[in-house]
Amino acid sequence: MTRLNPKYIPLLATALVLLAVFSTGSLLYPNFGTPRVIVNLLNDSAFVGVAAVGESFVILSGGIDLSVGSMVAFVGILVAKLLQVGWDPFLAMGIALCVGTAAGVVMGGLIHYFELPPFLVTLAGLFCLRGLGFVIYPESIGIDHPFYGQVLPQLSILVAPKAVLPFTAMCFLGSVIVGTFVASFTRFGRNVYAIGSNENSARLMGLPIGRTKITAYALAAFFSALGGIVATFYMQSGNPASFAGLELDAIAAVVIGGTLLTGGVGFIPGTLMGVLILGLIQQIIIFNGTLNSWWTKIVIGALLLVFIVLQKLISGGGDQES
Amino acid sequence: MIDWVSDLLFWIVFGSILFLLRGQRIFWSVGALGLLLLFNQFFTPGFFHIQILDGHLYGSRIDVLNQGAKVMLLSLGMVLVIATGGVDLSVGAVMAIAAAVSSRLLVTEHQSAGAAIAAALVISTLAGAWNGVLVAGFGIQPIVATLVLMVAGRGVAQLITEGQIINFLDPTMVYLGNGHLFALPFTLTLVLVTLGLAFFLVRRTALGLFIESVGDNDEASRYSGINAKQVKFLVYTFSGFCAGLAGLVACSNIKSADANNIGLYLELDAILAVVVGGTSLQGGRFYLIGAVVGGLFIQTLTTTLYARNVSSDISPVPKALAIIAVCLFQSESFRTRLSHVVRPFGRILKPLGSRPPQKSITATHDSPKP
Amino acid sequence: MANSLLEIAGLTKGFPGVKALDAVDFAIQRGEIHALMGENGAGKSTLIKVLTGVFPRDAGETRLEDKIIAPRSPREAEGLGISTVYQEVNLIPHLSVAENICLGRQPTWLGAIRWRAIAKRAAAALARLDLSLDVNRQLSSYSIAIQQLIAIARALDISAKLLILDEPTSSLDRTEVEELFKKLRKLRESGLGIIFITHFLDQVYEISDLITVLRNGRRVGCFATQELPRIKLVSHMIGKAVHQVEALEQKRASTASIRSEAPMLEAHGLGRKGSLRPLDLDIRPGEVVGLAGLLGSGRTETAKLLFGVDRPDQGTVRINRQAVRFNSPRAAIRYGIALTPEDRKVAGIIPNLTVRENIVLALQASRGSWQRLSVTEQAKLADRFIQALAIKTPSREQTVRNLSGGNQQKVLLGRWLATEPKLFILDEPTRGIDVGAKAEVEKLIQSLRQDGLAVLFISSELEEVVRQSQRVVVLRDRRKVVELTEGEISEETIMQSIATHNLERPAA
């Protein structure tokens, strides 16, 4: 290994950005680098992070999933409603995961079998899930189940003095580990990379295209649904109107995490870094106090642009016409 | 009694239009609109009721025209972008920027309404041009390129309004989205003028031919000497301009600029309007009037659901199902599959949107690809 | 033929409007390298794709080691022991070499991929080809030649019995080809059957044992390579018997008057790495220069360099003595150059636009978008060319997609004639069109020449080239081998130039 493998350049860029953002925060604000802030960061970005892990698979396969925010809200209200009518929390979560995954299978099927554009199908999915959330219950439902009130707070680990790693953060880190394993150590994961890189070649190499694509959308939907469950842990409620635009955060996290939006290149740990970068930017803006929340969107947009242009340059520049 | 006569007159006119359009692509779009209206005629009480107040017309159908203006304006820009084989996801965010710029100039900076409107249009056109540079100049895929502005645009709009919801009462600004001209909402005039402008732009110049050519076969267009980059740049710029107009109408409607909510999810409505209007998402032939009719169809659907007391929160569901249905009927592989199931229908469905099968690995020639 | 490894009988496959394969027979033994030859549209690729299950067959039977097989996908064919390596390397550039070799069949342990085992297996597969590479490096960091060998290693990794190589050498240079052949010979010794598709004659004679020639979806014959003279092979591929050549009517215009004219276009040392070796070419007004050569010999590449589709990396082009550099077709069009491309569907017609729109397109593009031709002007223009070129269409508003190939070609000719070009490059203008339309196109070329246009005429039908051209430039292996002037032009001399081995002179 005399020279750097080009596929690591975006990941390296991500790591540098993460380091830069973190050191900026630490230099500006004395309490920024404390374990407690870091744990809070993980807690606050947990549901986005879980969803972004799923989004990574779809983007790696060369597609896009815009239904993430609606899915998180839908699952949130579904779980809250089921708990309200007295269901067992595990059964409710199981049902929510199944329904969410099924929605992913339907979207993947439409994309694969009828060759519809992914952004369109998942945009329709966004609308359907958003509407269905309101069908379940049109307003926010608070969750006061003993599992949420008593069991969950105990499922946390003291990682440092005054820094407790909550269960949501564990779900996030767990999703990253599972996602990394699936992406790097299963045939399905490698097929996703192959299809995202060159679908035609993948077909001629005899890889199962349809199965892989549909599974990728199903997996993304599963992680989004899981994100929805994590969001109920975090919010202690479900609200059908919440998390609009979360899909953009998830996509931004994936891209800033070094995954090529055209598919085929990227790493799940990169997505973790991407999510942390977004979270840190938010933290800095909160710490600052005078900066307003919209700067988050602008900075994310700018980072997105930088990474997209960077990717374009790495993958071989513009087209032939001058 | 009067209603009965005016309804009959309406349907006679509508029927004649439909008859004149037979055999044309937008027949289907107008027909779908007709079916929706027919449903309302019979099942939604009061939908066809029109009353005259202060010399202005009021009623559900007028509401459709007024409320549908935003989507119709957006779809006029979007249809050209889609015709080149692209898509513009940023129109909702650009609407928010236009609304923010105009109301800030008007309220905070005490500028005249004319200056505020002009500045909003210039800035939204520049936003469109920005997309154009990314797509045409850098060769970034349209979805990805416009995603940047979709994410950042709303932040920029909030920056301009400083996170406030700016209310205004300036008569000119209020007139844009609420005024009447010739007894009809002014927005209708605005849509017709923009349609006229678009029509002039693409049909009186050769731009329309180039757009269709680039969208249908990019490579062959290049061989024919068409400057595809210039064409693409122009359509995204125009889409930005249209989004600016729609943003002005949107904030005028509610007499305030709310950077968070103006134009939210309207990009999907615009795409749906274009597709319902007969333009394929794969690019090529486009239908300006079809896009406007598509916009009307969507607004009629929304208004119908509203009139039938379906919560506005749930109304996205039927819209989403409609867009999937329309796209399925445009999808070659869906039609072939369907015609295998129901052979007799296959022939009927063919003209709905027949396109040649996609280029794929099934190319039969032996020549080495460049 | 009980000993056959693979036996194909009566294989038939039709596409809408074409019979791509018509009752084709084919057989290959173990330890044999069998070349599959044919010009464009002969059916080579279709045969391979049907054999490997990419396309379903219409009729016919395939036996592998005497067992009837009918794979429905490349994956199934691989499972049976038939592996294919395509002309463009069909691997995943972003993944590692090891992964590319094992993709889809990675060794796993409880569902988890064993990366060490993959690396070992990949190294072993490469070792079969005497290759030793860093298998963990990204595929795209290796040259195309190495990637091609990696693709072969992948194909062999599944205990293949039959290896199909579809134009594997088209992007390799001389030494790389040598290297590949060395490995192929070794594989032949190990008992593998190899089907080798190429359009390089030298390579066929160097490596293959048998040659099967296809033409227009039919099998012309199967020949032992050593017993088949090159010229015979060429004539089989092109479909003209050698003795027929003399019988052809010759009616070429005299070139005496043309010679004195100043060249309209002069290219000197024009070339592009990997696509065309430097060549000189000049074309005068009122002259048709034929460009002959087999598929892949550099004909289309020359046209693309002249028209600004590809940018040359060496050499100069002068038009009317003025040095020019085109970096897009737009630039070339400004200098009065027109091109009808070889691949009508990809680079020619705009399928969903009307005949009228297709005809006015290039003229309108050169006028820019503001100076729009009015509808009446467009209609007049379209009608003029519909009539002049006898385009058979129900109306000028018919979408071009619905026209026959010949009429589509005429629409393209019309598109360019409307721009009143000075130099017209015609790349295979008569391919895939019926006899009547061919004759009309040829007549048109002659009248263009008489009007003082310079024409560069590219065709794989030698008969046409001979009939049309005042001069013929023969290309082989992406280089100019000879330029034939009046008196030397005949199908036989062209065939000999194509067939001749690198260093030999054309022999009688």
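As an exercise, find the ratio Rg/Rh for region C:378-502 from alpha-carbon atoms, using the Kirkwood inverse-distance average for Rh. When Rh is taken as the Kirkwood radius, the ratio is 1.03. Sequence-distant contacts, meaning Cα pairs under 8 Å at least 6 residues apart, place the relative contact order of region A:46-275 at 45 percent. Classified by the C-alpha gyration tensor, region C:89-132 has an oblate form. Its axis ratio a/c, with a ≥ b ≥ c, is 1.5 or above, and a/b does not exceed b/c. In chain C, the calculated helix contribution to ellipticity at 222 nm averages -10000 deg cm²/dmol per residue, counting -39,500 (n - 2.57) for every DSSP H run with n ≥ 4. If you take all other residues with their beta carbon under 13 Å from the beta carbon of B:ALA145, and give Lys and Arg +1 and Asp and Glu -1, the sum is +1. Residue-wise HN-Hα couplings along region B:71-88, as the Karplus relation 6.51 cos²θ - 1.76 cosθ + 1.60 with θ = phi - 60° gives them from phi, are 5, 4, 5, 4, 5, 5, x, 4, 4, 6, 5, 5, 4, 7, x, x, 7, 10 Hz; Gly and Pro carry x. In region C:10-125, how many lysine pairs have Cα atoms under 28 Å apart, counting only pairs 8 or more places apart or on different chains? Close lysine pairs found across region C:10-125: 8.
Using the charge dipole of the protein assembly as shown (Lys, Arg: +1 at Cβ; Asp, Glu: -1 at Cβ; taken about the Cα centre), state which of A:VAL21, C:ALA151, B:LEU76 has its Cα farthest towards the positive end. My answer, from the dipole projection, is C:ALA151.
Computed from backbone phi with θ = phi - 60° and the Karplus coefficients 6.51, -1.76 and 1.60, the 3J(HN,Hα) list for region B:94-111 is 5, 4, 4, 5, 4, 4, 5, 4, 5, 6, 5, 4, 5, 8, 6, 9, 6, 8 Hz; x is used for glycine and proline. Shape class of region C:66-151 from the Cα gyration tensor (axes a ≥ b ≥ c, square roots of the eigenvalues): oblate, since a/c reaches 1.5 or more and a/b does not exceed b/c.
Per the Debye calculation on chain C with a single equal scatterer at every Cα and no solvent contribution, log₁₀ I(q)/I(0) for q = 0.05, 0.08, 0.14 Å⁻¹ amounts to -0.22, -0.57, -1.40.
Of the residues B:ILE52, B:ILE26, B:ILE17, which exhibits the maximal mean-square fluctuation in a Gaussian network model of chain B defined by a 10 Å Cα contact cut-off? Fluctuation is largest for B:ILE52. Projecting the Cα positions of A:GLY227, A:ILE157, A:ILE195 onto the charge dipole of region A:98-256 (unit charges on Cβ atoms of Lys, Arg, Asp and Glu, taken about the Cα centre) puts A:ILE195 furthest along the positive direction.
Each Lys and Arg adds +1 at its Cβ and each Asp and Glu adds -1 at its Cβ; summed about the Cα centre, the protein assembly as shown shows a dipole of about 800 debye.
Using θ = phi - 60° in the Karplus curve 6.51 cos²θ - 1.76 cosθ + 1.60, the 3J(HN,Hα) couplings for region C:493-498 round to 5, 5, 4, 5, 5, 5 Hz; x is entered for Gly and Pro. Taking 37 °C and 0.692 mPa s as conditions, the protein assembly as shown diffuses translationally at an estimated 99 µm²/s according to Stokes-Einstein applied to its Kirkwood radius (Cα pairs).
Residues whose amide H lies under 5 Å from that of C:PHE223, counting only those 5 or more places away or on a different chain, are C:ILE211, C:THR212, C:VAL213; hydrogens are built 1.01 Å from N in the peptide plane. Annotation: amide H-H contacts under 5 Å for C:LEU291 (H modelled 1.01 Å from N, sequence separation of 5 or more, or interchain): C:PHE457, C:ILE458, C:SER459, C:VAL473.
From least to most packed, judged by other beta carbons within 10 angstrom and beginning with the fewest, C:ILE425, C:ILE33, A:ILE284 follow the order A:ILE284, C:ILE33, C:ILE425. Grab the other residues whose beta carbon is less than 11 angstrom from that of B:LEU176, score K and R as +1, D and E as -1, and report the net. My count for the surroundings of B:LEU176 gives 0. Per the helix-only calculation at 222 nm, which mean residue ellipticity applies to chain A, given -39500 (n - 2.57) for every DSSP H run of n ≥ 4 and division by its residues, nearest 500 deg cm²/dmol? Only helices count here, giving -23000 deg cm²/dmol. Measuring max minus min along each principal axis, the C-alpha atoms of region B:1-120 give extents of 52, 45, 23 Å (largest first). For chain C, a simple Cβ point-charge model (Lys and Arg +1, Asp and Glu -1, everything else neutral) yields a dipole of about 1300 debye relative to the Cα centre.
Here the Gaussian network model covers chain A, with springs between Cα atoms less than 10 Å apart; of A:VAL106, A:VAL58, A:VAL254, A:VAL106 fluctuates the most. Taking other Cβ atoms within 10 Å as a rough exposure proxy, B:CYS242, C:CYS102, A:CYS171 sort from fewest to most as A:CYS171, C:CYS102, B:CYS242. P(r) tail for region B:123-176, what percent of Cα pairs lie past 19 Å? Value for region B:123-176 (Cα pairs over 19 Å): 47 percent.
Each distinct pair of alpha carbons in region C:349-420 adds a 1/r term; the inverse of their mean, the Kirkwood radius, is 11.8 Å. Computed over Cα pairs, the Kirkwood radius of region A:46-275 leads via Stokes-Einstein (0.890 mPa s, 25 °C) to a diffusion coefficient of 140 µm² per second. Mean projection of the Cα convex hull over all viewing directions, computed for region B:68-309: 12.8 nm².
Placing unit charges on the Cβ atoms only, positive for Lys and Arg and negative for Asp and Glu, gives region A:46-275 a dipole magnitude near 420 debye about its Cα centre. With a cut-off of 12 Å between beta carbons, the residues surrounding C:ALA119 carry a summed charge of +3, where Lys and Arg count +1 and Asp and Glu -1. Arranged from fewest to most other beta-carbon atoms within 10 Å of their beta carbon, B:THR108, C:THR376, C:THR46 become C:THR376, B:THR108, C:THR46.
Tell me, how many Å apart are the Cα centres for region C:464-487 and for region C:335-402? Going from one Cα centre to the other spans 31 Å.
When the Gaussian network model of chain B links Cα atoms closer than 10 Å, the mean-square fluctuations of B:LEU106, B:LEU21, B:LEU272 top out at B:LEU21.
Readers should treat all values here as calculations from the given coordinates under stated rules, not as data from a laboratory. These numbers come from a predicted model, not from an experiment. Positions of Cβ are backbone-derived with ideal geometry, glycine not excepted, and every protein chain shown enters the neighbour counts.
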